[in-house]
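**Student:** Below is the structure I would like to discuss, written out as structure tokens.
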Amino acid sequence: MEASQSGNGLPPDDKAEPLNKEQVQEAVSRINEYVQQTERTLDFQLDEDSGKTIIRVYDTQSSELIRQIPSELALELARKLNDEEPSLLFSAQV
């Protein structure tokens, strides 16, 4: 079976210029404002160490963290790689 594609495709990414830190922070701020207006329990933040956008999903009733993208483990891995400590990535447990 052949999968059908619906909707409009995205424009080619070859003309996109990299965003600077201020532009990313402004975009994150706007997304947070929008999500708060729609009463969703999403939180968008910029991780200072890795420069990655972090998305957290919370339970509306309990405020419990349900999911984080990327995970804390992935962020820790990125931090250690940025700190040029790749030998600390693998810890032996006895």
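**Student:** Can you tell me the dipole magnitude for region 19-84 around its Cα centre, using point charges on the Cβ only (Lys, Arg +1; Asp, Glu -1), in Debye to the nearest 20? Mind dumping the intermediate values first?
**Tutor:** Details: 8 positive and 14 negative charges, 43 e Å.
Rounded to the nearest 20 debye, it is 200 debye.
**Student:** So for region 19-84, what percent of the C-alpha to C-alpha distances run longer than 13 Å?
**Tutor:** On the way: 1421 of 2145 pairs.
I get 66 percent for the Cα pairs in region 19-84 exceeding 13 Å.
**Student:** Using packing as a proxy for protection, rank 57-67, 25-35 so that the peptide with the highest average count of other Cβ atoms within 10 Å comes first. Walk me through the intermediate numbers first.
**Tutor:** Details: 57-67: 10.5, 25-35: 13.2.
Per-residue Cβ counts within 10 Å, averaged per peptide and sorted highest first, yield 25-35, 57-67.
**Student:** Between K52 and residues 5 or more places away or on another chain, which pairs have amide H atoms under 5 Å apart, with H built 1.01 Å from N, and which residues are they?
**Tutor:** The answer is D47.
**Student:** What ³J(HN,Hα) values, in whole Hz, does the Karplus curve 6.51 cos²θ - 1.76 cosθ + 1.60 give for region 70-83 when θ = phi - 60°, with x put for Gly and Pro?
**Tutor:** Result, ordered by residue: x, 5, 4, 4, 5, 5, 4, 4, 4, 4, 5, 5, 5, 7 Hz.
Values quoted throughout were computed directly from the atomic coordinates according to the rules given, and no laboratory measurement underlies them. The structure displayed is predicted, hence computed values, not measured ones. A quick note on method: Cβ atoms are made from the backbone with ideal geometry, for glycine too, and the neighbour counts reach across all protein chains shown.
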